[in-house]
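Novice: My questions all concern the structure below.
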Amino acid sequence: MASAVSSGPSWSPGSAEPDHPTGVGPVGDGIRHRSPVVVVLSGPGGAGKGTIARALVERDDCLALSRSWTTRPRRVDDAADAYVFVDSAAFETRRSDGGFVEWNEFLGFMYGTPTPDPDEGRDLLLEIDVAGGRQVRDRLPGALFLFVDAPDDGELRRRLLGRGDGAERADARVAEAARERRAADDLGYRRVVNDDLEATVELVAGLIHGHRASNG
């Protein structure tokens, strides 16, 4: 069962965030809000945040996923639309032109989130690392910040190896995950443990629903 933990209240499937119902109707349930909601989804590689992000967008017509740019090579398990894969020169040109709302170097590769231009009436989902989340928080403190994590480091390493990472890179990512967790806690992220994909998607959908309601 998935669970969410933060420095404030805790949530789990079947419970409700105070004053805001969760899991009621589809995510894109017609809640009207004054301005677009921005949702930041972060977490270590292998935690499942990319799969969760795609599931949320597929079920929610009011949510648009921003495709990050990266200079890392495409992996065999990457979805066709997971990233915009570019070389270092193209990335640097866009960065110099101010084309990223945030950018960061991670394990030798560059990642950047294009300056958002969501369709009118749609909220924006950013799948970025915690360092990028810090930059977004400086600009958009009212965004919803969620940190998706694996149940433990052993499970995280197993998932990384299963998706094709070598042992050395998997160990580096597990070590980096510990630093990311501390940084996420410092920034006030809500932590979501992904040990059941379907339940986790439902939980995150409920948190987005509640955030929309509180901004409506």
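Here, each number is a calculation from the coordinates, and none is a lab measurement. Here the structure is a predicted model, which is why all the values come from computation and not from measurement. Positions of Cβ are generated from backbone atoms using ideal geometry, with glycine treated the same way; all protein chains shown enter the neighbour counts.
Novice: Which ³J(HN,Hα) values in Hz, rounded to whole numbers, follow from the phi angles of the stretch 185-200 under the Karplus curve 6.51 cos²θ - 1.76 cosθ + 1.60, where θ = phi - 60° and Gly and Pro get x?
Specialist: In residue order, the calculated couplings are 4, 4, 8, x, 4, 8, 9, 10, 8, 9, 10, 8, 4, 4, 5, 5 Hz.
Novice: Separate question: Which length gain, in nm to one decimal place, applies between E176 and F106 when the Cα-Cα distance is subtracted from 0.36 nm times their residue separation? If you can, show how the numbers build up before the last one.
Specialist: Numbers: separation 70, 0.36 × 70 = 25.20 nm, distance 0.95 nm.
My answer for the length gained is 24.3 nm.
Novice: Moving to a separate point now. Determine, at each q value in 0.14, 0.17, 0.19, 0.29 (inverse angstroms), the log₁₀ of I(q)/I(0) that the Debye formula gives when each Cα of the stretch 75-142 is one equal point scatterer.
Specialist: So the normalised log intensities work out to -0.48, -0.71, -0.88, -1.45.
Novice: Right, another one. Could you list which residues have their amide H under 5 Å from that of L63, counting only those 5 or more apart in sequence or on another chain, with H placed in the peptide plane?
Specialist: D123
Novice: A follow-up question, please. Give the span of the stretch 62-193's Cα atoms along each principal axis, as three whole-Å numbers ordered largest to smallest.
Specialist: On the principal axes, the stretch 62-193 reaches 42, 34, 26 Å in Cα extent.
Novice: Whole angstrom only: what separates the Cα centroid of the stretch 150-180 from the Cα centroid of the stretch 50-112?
Specialist: The stretch 150-180 and the stretch 50-112 have Cα centres spaced 20 Å from each other.
Novice: Tabulate in residue order the Karplus-calculated ³J(HN,Hα) for the stretch 161-168, using 6.51 cos²θ - 1.76 cosθ + 1.60 with θ = phi - 60°, rounded to whole Hz; enter x for Gly and Pro.
Specialist: 5, x, 8, x, 5, x, 4, 5
Novice: Follow-up. Tell me which residues come under 5 Å, amide H to amide H, from G43 once H is placed; ignore anything under 5 positions away on its chain.
Specialist: Amide H neighbours of G43, under 5 Å, 5+ apart: V130, V148.
Novice: Determine, from the Cβ-Cβ distance of R72 and S35 and an R0 of 22 Å, the FRET efficiency 1/(1 + (r/R0)^6), rounded to the nearest 0.05. Kindly include the intermediate steps, with their values, before the conclusion.
Specialist: Working: r = 33 Å, r/R0 = 1.51.
The calculated FRET efficiency here is 0.10.
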